[in-house]
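Notes to accompany the following structure.
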Amino acid sequence: MKIIRNSNLEQLPCVVTIGNFDGVHLGHQTLLAEVKKRAHVLKLESAVITFEPNPKDYFSQNKPQTRISSLREKIELFNEIKIDRVHIIKFNQEFSKVTANEFISILIKKLKVKEIVVGEDFCFGMGRKGSIKQLSESSMELNIKNKILIDGKRISSTLIRNLLANDKLDEANKYIGRPYSISGKVVHGEKKRKKDWFSYCKYPYAA
């Protein structure tokens, strides 16, 4: 799987889906499966566009939301699904001003998107003003997937985040589609316990 951080590099033609994909839950997995299927049929690359940081976090930096999965975890999950390439777009002040039409132009001219797979409530571009209607008027084939419901509830990252916050792990797992896990980076401390251990080994009867 290729990881691409520069949207100015021209690519091979592809089928793409776009989103934050926090948690890569069953709803996301439906979009990704459709991208894989359509890419296979059309003999194109399968691609994902995601953002770092999450746009919601960018616009509320004083109160970022709790993430279900880190960027690294998302990339690992995309790789497991065997997506061909992942475009990571740095969401900053400059990108936040990209209009819907400008974004469509990037998709078509730079990323060579031939078909786009999105949910029925997909919005994009500056101020989230870009609509499904605009996508349908572009040269890209538009593939709209309906909302995924379980027990009458729409699967969403917000729903799963709330379940985890309220210790409803089993219910959250049902919407994620796999056991929830947390990963992190090991940070070395001052190694005081290590020093204490060596002191004890050298002088086991001291003190």
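FYI, it's all coordinate maths here, none of it is from the lab. As the structure is a prediction and not an experimental result, all values here were calculated from the model. Cβ atoms come from the backbone with ideal geometry, glycine included; neighbour counts cover every protein chain shown.
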Assuming R0 = 30 Å, can you tell me the calculated FRET efficiency for the pair Ile106 and Asp57, based on Cβ-Cβ distance, to the nearest 0.05? 0.85
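Highest first, please rank the peptides 58-67, 172-181 by the mean number of other Cβ atoms sitting within 10 Å of their residues.
Working: 58-67: 10.8, 172-181: 16.2.
Those peptides, ordered most packed to least, come out 172-181, 58-67.
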Starting from segment 121-161, pick out the trypsin sites (Lys or Arg not before Pro) whose DSSP state is loop and whose Cβ has at most 16 other Cβ atoms within 10 Å. Lys129, Lys147
The chain - share of DSSP beta bridges that are antiparallel (%, nearest 5): 10 percent
Match the structure shown to one of the listed values (1) 59, 40, 34; (2) 81, 43, 37; (3) 41, 40, 38 of Cα extents along the principal axes in Å, computed from it, and give that label. (2)
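Starting from the Cα-Cα distance between Glu76 and Leu142, subtract it from 0.36 nm times their residue separation and give me the gain in nm to one decimal. If you can, show how the numbers build up before the last one.
Values: separation 66, 0.36 × 66 = 23.76 nm, distance 2.69 nm.
Going from the current span to full extension adds 21.1 nm.
In segment 95-137, which chymotrypsin sites (Phe, Trp or Tyr not before Pro) are in a loop and have at most 14 other Cβ atoms within 10 Å, using DSSP for the loop call? Don't skip to the answer; put the middle values down first.
On the way: sites: Phe95, Phe103, Phe122, Phe124; in loops: Phe122.
Here no loop site has a sparse enough neighbourhood.
Explain nothing, just the number: relative contact order of the chain, from Cα pairs under 8 Å at least 6 residues apart, as a whole percent.
Working: 283 pairs, mean separation 51.7, N = 207.
That works out to 25 percent.
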Cα→Cβ-extended label distance, 7 Å offset, between Lys43 and Asn92, nm: 4.0 nm
May I ask you to evaluate 6.51 cos²θ - 1.76 cosθ + 1.60, the Karplus curve with θ = phi - 60°, for each residue of segment 149-155 and list the ³J(HN,Hα) values in order in whole Hz, giving x for glycine and proline? 10, 10, 6, x, 9, 6, 6
Given DSSP loops and a limit of at most 15 other Cβ atoms within 10 Å, what is the longest stretch of the chain that contains no such GluC sites (Glu not before Pro)? 11-119
